[in-house]
Amino acid sequence: MLHQIKGLHHVTSMAGDARANNAFFTQTLGLRRIKKTVNFDAPDVYHLYYGDEVGTPGSVLTYFPFPGVPKGRSGTGEVGVTGYAIPKGSMGYWKDRLAPHMMAEDERFGDATLTFKGPDGELFSLVEADGDTRPGWTGNGVGADEAIRGFHSASMRLQDDGAMGELLTFMGYEKAEKDGNTTRYAIADGNEASRIDVETLPGAPAAQQGSGSVHHIAFAVEDRAAQVEVRQALMDTGYQVTPIIDRDYFYAIYFRTPGGVLFEIATNEPGFARDENVANLGEALKLPSQHEPLRAGIEAILPPIN
């Protein structure tokens, strides 16, 4: 069993319109845009990062806004709901703020939970979490007593949870609770974003990726040395793992899980302040070095966002 994985690092999804995406996550949810860059493989498409003040691993939601991409179809083999932690007693505030986007209010694993839709129909939840001391970002008008703290959990939809349960256990997660057809796994000594829920839906159709779909889910390790150990252990277990890829703000490896979800293992180093001051994160368009010579053309194509 691995011990290097500390919980979630980031979740990356697909969107349609960059401006609508930016407006929702900065203005409606009050998150900070911590990086404005481009897709490494498609530099005419933004890669937008949202999180807390510095982009702490376990708080970072990222998007590829592909103009005109068809809507995704929900189903099995995907991350279905991304959960955020909010302070105890703040649910009323968020119910009012998210009224146009709300779907349901209920209780999951004993915690008050509000489910809502993002601008492309993607599902999120807000969970009133006890003991989460992470500071929320207040620069976009949400108060310190209500601000989102970071991820609480992520929920995957699968036709069968057996192989995924074995993988999560190998990655250092332990089976914590069961609620109906959903099993929760957690890392005891991880970061606050340490929960993975697996919802079993036998016979349900497979998801089809598009706008509103989660592209991949990333798990955090402290540094490259830990990542090398994890990569070798996964390959020894039979997984086909990519080489280590430099993503400027972290190093990444990827592998496809038995249920179809794409996993990434990402390092906490070097972080999002490597090329911007913390006070100015997310303001300027940052390009990977291989795309810097194309800056003029890229800036001409990308729609301006504030």
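FYI, it's all coordinate maths here, none of it is from the lab. The structure presented is a predicted model; accordingly, all values stated were derived computationally and were not measured. Note that we place each Cβ from the backbone using ideal geometry, even for glycine, and neighbour counts take in every protein chain shown.
What to note about this one:
- Lysine pairs within the chain, Cα separation less than 30 Å, 8 or more sequence positions apart or different chains: 27
- ASN280-TYR93 FRET efficiency (beta carbon distance; Förster radius 30 Å; 0.05 resolution): 0.55
- Simple point charges give the picture: +1 on the Cβ of Lys and Arg, -1 on the Cβ of Asp and Glu, and for segment 159-288 a dipole about the Cα centre of about 280 debye.
- In segment 150-233, Cα pairs under 8 Å separated by at least six residues give a relative contact order of 31 percent.
- Taking only Cα atoms of segment 219-306, radius of gyration then Dmax in Å: 16.4, 46
- Spatial separation of Cα centroids for segment 125-154 and segment 15-53, in angstrom: 19 Å
- Prolate/oblate/rounded label for segment 83-212 (Cα gyration tensor, a/c 1.5): oblate
- Dipole moment magnitude, nearest 20 debye, segment 1-48 about Cα centre, only Lys, Arg, Asp, Glu C-beta charged: 280 debye
- Of the three principal axes defined by the Cα atoms of segment 1-158, the extents in descending order read 43, 42, 30 Å.
- About its Cα centre, segment 221-291 has a charge dipole of approximately 240 debye under the convention of +1 per Lys or Arg Cβ and -1 per Asp or Glu Cβ, with nothing else charged.
- Amide H to amide H, with H built 1.01 Å from N, GLY58 comes under 5 Å of HIS9, HIS10, counting only residues 5 or more places away or on other chains.
- Shape call, segment 159-222: gyration tensor on alpha carbons, a/c limit 1.5: oblate
- Sorted largest first, the principal axis extents computed over the alpha-carbon atoms of segment 1-43 equal 43, 28, 16 Å.
- Three-way shape label, the chain, alpha-carbon gyration tensor, a/c 1.5: rounded
- For segment 72-118, trypsin sites (Lys or Arg not before Pro) meeting the loop criterion (DSSP other than H, G, I, E, B) and having at most 16 other Cβ atoms within 10 Å: LYS88.
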